[in-house]
Structure formats: C-alpha cells, structure tokens
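Q: Here you go, one structure.
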Amino acid sequence: MGALRNVLAWLSVPVICMFALPLYILRPFNPDNNRLLAIALARTGRAILGMKRPVVDAELMPRDRSVVAIANHQYNDDLFVMGDLVPPRTVTVGKSSLIWVPFFGQVFWLGGNVMLNRARSRKAVAVMQATSDAITRDKKSLWVFVEGTRSKGRGLQKFKKGAFYAAVAAGVPIVMVCNAEYRKKTLGWWGKREPVTIRILPPVETTGLTTRDVPALVERCHKAMAEAISSL
C-alpha cells in the first residue's frame with residue numbers, strides 16, 4: 001500500500017500542474033502563483049500519503065516582508081513535506097533541465113523561478129545576483145534547498161553560498177526551515193507515511209553585512225539548523 005500511495009502522490013503532481021497551467025498563462029511570472037501551486041501539491045500529496053506534518057514555530061515565517069528561506073533537502077518528497085510553507089511572492093531555484101518535465105517544468109518557468117545551469121558556474125553566480133535585485137525591486141522572497149543536493153536522510157550536508165550572497169546583497173533576513181530526518185517509512189497495513197516534523201527558526205537579519213561576512217553567516221546557519229534537526 002505504501003508503494004501505491006507513493007505512485008499516486010507523484011501522479012497527482014503533473015495532473016495538478018496541468019490544471020494550474022492556465023492560471024500561469026493568464027498571470028505569467030506572477031510569483032504568488034508558486035505559493036498557490038505549492039499549497040495544492042503539498043496538501044494533496046500528504047493526503048494521499050496519509051502523512052502528518054506538524055510544524056513548530058510556524059509563526060516565525062514572515063508573511064509581510066521579503067526573506068530568503070533556506071531548507072534542508074532529503075528527498076523529492078520534500079515537495080509534499082514543505083511545499084505549503086512557502087511565503088507569499090516566492091520564487092525558488094531549480095536546475096534548468098526541469099523545463100523539460102511535462103507540465104511541472106512549464107509552470108516552474110512561468111512562475112518566474114530561477115533556472116540554474118550548474119555546469120556554468122559563472123552564469124549561476126550572475127543569476128543569483130539578479131535574484132537579489134529582484135528581491136529588492138519586486139519585493140519577492142526566495143526559497144532555496146541550501147545543500148544543493150538530496151541528502152537522503154544522511155544528515156545535513158555542506159551549504160552552497162549563493163542564497164547567502166543573495167540575502168546579504170538584498171539586505172533581507174534568512175529564515176531556516178528544518179525538517180526532521182526521515183526515511184520514507186510506512187506505518188501499518190494501510191501504508192501511511194511516517195510523520196515528519198518541521199521547525200522554523202527565528203529570522204537571521206543581514207542588514208549591514210557584506211560579502212566578507214558570508215562565510216561566518218553560512219557557518220552560523222549550518223550550526224543552528226544541524227542542532228534543530230537533531231532535536232526533532
């Protein structure tokens with residue numbers, strides 16, 4: 001049953017994206033489309049998986065100002081675990097190859113999200129700089145899986161620095177979203193997914209910081225997230 005639930009949850013993604021595509025076409029590059037879609041995907045996916053997802057300190061996620069939200073990335077299922085925590089007017093970062101994924105890739109692009117070609121690192125840095133400008137100019141927020149790759153429940157990996165440079169350049173706070181380590185285990189004959197708890201940490205202000213402060217900022221946030229994850 002658990003495997004069937006997983007298949008059905010992922011089959012719901014292109015279906016929901018297909019129905020969302022007209023909204024994206026009517027409001028192209030409107031970042032709030034992403035929040036509405038993420039809510040639909042996450043809540044539908046969790047309902048199919050039978051997963052409970054308690055959130056500790058949810059009120060610490062600002063809703064009235066731009067932020068850079070960073071989260072640990074374990075599996076693709078993180079979409080269902082954390083999707084509905086995305087703040088208003090948020091764009092995220094994904095591989096440029098996502099554009100070829102049916103329906104999902106098209107809404108991802110039309111949502112104004114950041115498409116990175118990691119093989120061209122200089123261009124990637126320029127894109128992150130442009131993103132910081134958009135945060136300031138268009139009052140957007142940015143969501144980044146800060147490890148840059150899936151950990152598969154093997155603990156918090158080394159952080160990529162792009163999100164931190166963007167936050168410092170834009171002068172916006174960093175909000176850490178910490179989801180507990182999970183192995184996609186199922187419970188009972190019905191195959192419901194094990195609960196996953198999330199904790200949101202207080203915003204870390206970046207006003208007055210410069211690029212020279214980024215390494216210390218990365219270390220501070222990594223330590224705080226590692227401690228929060230281990231406590232869940």
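Q: Could you check, for region 46-60, whether at least one of its residues is in contact with a strand residue (DSSP E or B) (Cβ under 7 Å, 6 or more places away or on another chain) and either at pLDDT below 90 or of a type in the set (Val, Ile, Thr) (or both)?
A: Initial filter on region 46-60 (in contact with a strand residue (DSSP E or B) (Cβ under 7 Å, 6 or more places away or on another chain)): 49-51, 53, 55-58, 60.
Keeping just the survivors that are either at pLDDT below 90 or of a type in the set (Val, Ile, Thr) (or both) gives 55-56.
Yes, region 46-60 contains at least one residue that is in contact with a strand residue (DSSP E or B) (Cβ under 7 Å, 6 or more places away or on another chain) and either at pLDDT below 90 or of a type in the set (Val, Ile, Thr) (or both).
Q: When the residues of region 180-193 are filtered to those that are charged (D, E, K, R), in contact with a strand residue (DSSP E or B) (Cβ under 8 Å, 6 or more places away or on another chain) and open to solvent by 70 Å² or more (accessible area, probe 1.4 Å), which remaining residue is modelled with the highest pLDDT? So that I can check it myself, show each step before the final result.
A: Filtering region 180-193 down to residues charged (D, E, K, R) leaves 181, 183-185, 192-193.
So of that shortlist, the ones also in contact with a strand residue (DSSP E or B) (Cβ under 8 Å, 6 or more places away or on another chain) come out as 184-185, 192-193.
Those still in the list that are open to solvent by 70 Å² or more (accessible area, probe 1.4 Å) too: 184-185, 192.
Values: 184: 86, 185: 87, 192: 94.
Out of the qualifying residues, it is 192.
Q: Of everything in region 194-204, what is open to solvent by 70 Å² or more (accessible area, probe 1.4 Å) and hydrophobic (A, V, I, L, M, F, W, C)? Give them in sequence order. Walk me through it before giving the result.
A: To start, the set of residues in region 194-204 that are open to solvent by 70 Å² or more (accessible area, probe 1.4 Å) comprises 195, 202.
Answer for region 194-204, where residues must be open to solvent by 70 Å² or more (accessible area, probe 1.4 Å) and hydrophobic (A, V, I, L, M, F, W, C): there is none.
Q: Moving on to the next point. Mind listing whichever residues of region 205-232 are more than 17 Å from residue 158 (Cα to Cα) and buried (at least 19 other Cβ atoms within 10 Å of the Cβ)?
A: 206
Q: Also: Any residue in region 97-104 that is in a helix (DSSP H, G or I), farther than 24 Å from residue 169 by Cα, modelled with pLDDT under 90 and of a type in the set (Gly, Ala, Ser)?
A: Looking only at region 97-104, we keep the residues that are in a helix (DSSP H, G or I), and these are 97-100, 104.
When the remaining residues are screened for being farther than 24 Å from residue 169 by Cα, the result is 97-100, 104.
Filter once more, keeping what is modelled with pLDDT under 90: 97-100.
If we keep only those that are of a type in the set (Gly, Ala, Ser) too, we end up with 97.
The answer is yes, given that some residue of region 97-104 is in a helix (DSSP H, G or I), farther than 24 Å from residue 169 by Cα, modelled with pLDDT under 90 and of a type in the set (Gly, Ala, Ser).
The values are calculated or read from the model by the stated rules, or taken from the named source; none is laboratory data. Not measured: the values here are computed from a predicted model. With ideal geometry, Cβ positions are generated from the backbone for all residues, glycine too; neighbour counts draw on all protein chains shown. Please note that ligands, DNA and RNA were not included when accessible areas were found on the heavy atoms of the full protein model with its side chains. Shrake-Rupley method; radii C 1.70, N 1.55, O 1.52, S 1.80 Å.
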